[in-house]
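Here, each number is a calculation from the coordinates, and none is a lab measurement. Only a predicted model underlies this, so the values are computations on that prediction, with no experimental measurement involved. Every residue, glycine as well, gets a Cβ built from its backbone with ideal geometry; the counts of neighbours run over all protein chains shown.
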Amino acid sequence: MLLTDKVCLITGAASLRGIGRATAKLFAQHGAKVVILDLDAGQAEAAAREIGEGHLGLACNVTDKAACQAAADEVVSRLGRIDVLVNNAGITQPLKFMEIEPGNYDAVLDVNLRGTLYMSQAVVPQMRKQKSGSIVCMSSVSAQRGGGIFGGPHYSAAKGGVLGLGKAMARELGPDTVRVNSITPGLIQTDITAGKLTDELKGEIARGIPLGRLGVADDVANACLFLASDLSSYITGAVIDVNGGMLIH
Ligand SMILES: NC(=O)c1ccc[n+]([C@@H]2O[C@H](COP(=O)([O-])OP(=O)(O)OC[C@H]3O[C@@H](n4cnc5c(N)ncnc54)[C@H](O)[C@@H]3O)[C@@H](O)[C@H]2O)c1
């Protein structure tokens, strides 16, 4: 048990086959009190019930600063503390550079990057008070290799922004023992691609991966567990690749 009684918030964790949901399950198995945050209250509550007793599901649109603050306040009033935040909520769009309209840019940058900022700002005062905390930010291999798998250039830009934000937060929050690290998953089989990734393309991508397969949500959940727990107590500002060797650099 690596997270006994730790209060762990995970954004975008209601999606059934998603990375957030897999992380929530794993954290619960390790003794955490998990708070699932997602757009729809009913889905967040159902996801929390599904992982067992004592967990919470709350509606929280991470692009809304007031909603992030309200969620953090409710967690502190009901569970007394905040130990871990996984900034997992994200959306992507398979657009070419010249196809990106202002609305596409806003949607993708807002959820992935602005959401990471707002949710982190909502939990940091409590973590500072406790003089401890771990924040995990979900970036993507797309930030490192310039996309080219599914998400468009605006997704690469947003995820690149997440890496910079996470590193700057690590530097500033280190003196309060609040650690901030990022994960860069490769292609993970979830519903984020909304069925738009063909089996043919998946096969082609798998042939270019040294470990010979696409990733599954648990692959990323395991990295989240490491970064959330005290196993990584001297690690901050790091970027952990979970990509099967798709990008070795
Ligand atoms: N699946 C991949 O191949 C892959 C690769 C690299 C990075 N990622 C990143 O991993 C994270 C999880 O992705 P996934 O594949 O599990 O996707 P998913 O679509 O299964 O889950 C994303 C979740 O985010 C939620 N969400 C969307 N907008 C939100 C908002 N404004 N506020 C709160 N919640 C919101 C959705 O409702 C959903 O539950 C994302 O940040 C994604 O960009 C995924």
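With all pairs of separate Cα atoms included, region 19-122 yields a Kirkwood hydrodynamic radius of 14.6 Å. The gain in end-to-end length when the A46 to M1 segment is fully stretched comes to 13.8 nm, 0.36 nm per residue minus the alpha carbon separation.
Among the GluC sites (Glu not before Pro) found in region 1-92, those both in a DSSP coil and sparsely packed, with 14 or fewer other Cβ atoms within 10 Å of their Cβ, are E53. A straight chain from I91 to D73 at 0.36 nm per residue would run longer than the Cα-Cα distance by 3.9 nm.
Pairs from the table (K96/K159; K6/K129; K159/K202) lying more than 20 angstrom apart at Cα are K159/K202.
Counted by Cβ distance under 13 Å from V111, the other residues give a net charge of -2, where Lys and Arg count +1 and Asp and Glu count -1. Taking a point 7 Å out from the Cα of K202 in the direction of its Cβ, the residues of region 222-249 whose backbone N falls within less than 17 Å of it are 244.
Per-residue ellipticity at 222 nm from helix content only, as computed over the chain with -39500 (n - 2.57) for each DSSP H run of at least four residues, stands at -13500 deg cm²/dmol.
Using Cα pairs under 8 angstrom and six or more residues apart, how large is the relative contact order of region 7-242, in percent? Walk me through the intermediate numbers first.
Values: 477 pairs, mean separation 47.1, N = 236.
Contact order relative to length: 20 percent.
Scattering from the chain was approximated by placing one identical point on each alpha carbon and applying the Debye formula without solvent; log10 I(q)/I(0) at 0.07, 0.10, 0.15, 0.16 1/Å stands at -0.21, -0.43, -1.00, -1.15.
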